[in-house]
Amino acid sequence: MKLTQTGAAQALGLNRNTIELYERGTRRDNPNHVVSIPRTVELACAALMLGIHRYGGPDESTQDDLKVNITHLMTPDGLRPEVVEWVAEHVEGHLFTTNDVATFSNPSEAVYFKLRWGTAASDGAD
């Protein structure tokens, strides 16, 4: 992401020591204790890379972050079956599709979907 540890900590709402811990992958006081990056932090990093910088609830300023252009995933009958199957397995919140746009109720799920399926501007490759 090309951020300093301090910049990453501020962007993610964490402290710099936590960022250092995730980078190192082990605790300083116990090098044998492997530290994993939580999925929420991974998704937050992905959101930052996609240009989603702040989520303060479903207001006008964040509504676009919840929308994904899905034109590339559509068939004449609707969403491709493999996309429908993936959504059923991975999306716990609400997903609405209208006019080739999927709108998510959960920003982390919107990010996860974008990472998995891309957007109409990308190739949507697996």
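Could you list, in sequence order, the residues of the stretch 42-65 that are touching a Phe, Trp or Tyr at 6+ places or on another chain (Cβ under 7 Å) and either modelled with pLDDT of 85 or more or within 29 Å of residue 23 (Cα to Cα) (or both)?
Once the filter is applied, which keeps residues that are touching a Phe, Trp or Tyr at 6+ places or on another chain (Cβ under 7 Å) and either modelled with pLDDT of 85 or more or within 29 Å of residue 23 (Cα to Cα) (or both), the stretch 42-65 yields 43, 65.
Quick one: which of 87, 35, 101 is in contact with a helix residue (DSSP H, G or I) (Cβ under 7 Å, 6 or more places away or on another chain), modelled with pLDDT of 80 or more and surrounded by 10 or more Cβ atoms within 10 Å (Cβ to Cβ)?
Of the residues listed, the single one that is in contact with a helix residue (DSSP H, G or I) (Cβ under 7 Å, 6 or more places away or on another chain), modelled with pLDDT of 80 or more and surrounded by 10 or more Cβ atoms within 10 Å (Cβ to Cβ) is 35.
Being modelled with pLDDT under 85, in a helix (DSSP H, G or I) and not acidic (Asp, Glu): is that true of residue 125 here?
When the stated conditions are applied, residue 125 does not pass them.
Of all residues in the stretch 1-18, which are over 17 Å from residue 50 (Cα atoms) and of a type in the set (Lys, Arg)?
Correct list: 16 only.
Scan the stretch 25-35 and give yes if some residue there is within 24 Å of residue 117 (Cβ to Cβ), part of a loop (DSSP other than H, G, I, E, B) and outside the structural domain of residue 108 (by TED's automatic domain parsing), otherwise no.
No, the stretch 25-35 contains no residue that is within 24 Å of residue 117 (Cβ to Cβ), part of a loop (DSSP other than H, G, I, E, B) and outside the structural domain of residue 108 (by TED's automatic domain parsing).
State which residue is modelled with the highest pLDDT when the search covers only the stretch 104-113 and only residues that are outside any helix (DSSP H, G or I) and not small (Gly, Ala, Ser).
Residue satisfying both the conditions and the ranking: 104.
The values are calculated or read from the model by the stated rules, or taken from the named source; none is laboratory data. Remember, predicted model here, so these are calculated numbers, not experimental data. Heads up, the Cβs are rebuilt from the backbone with ideal geometry, glycines too, and the neighbour counts pull from every protein chain shown.
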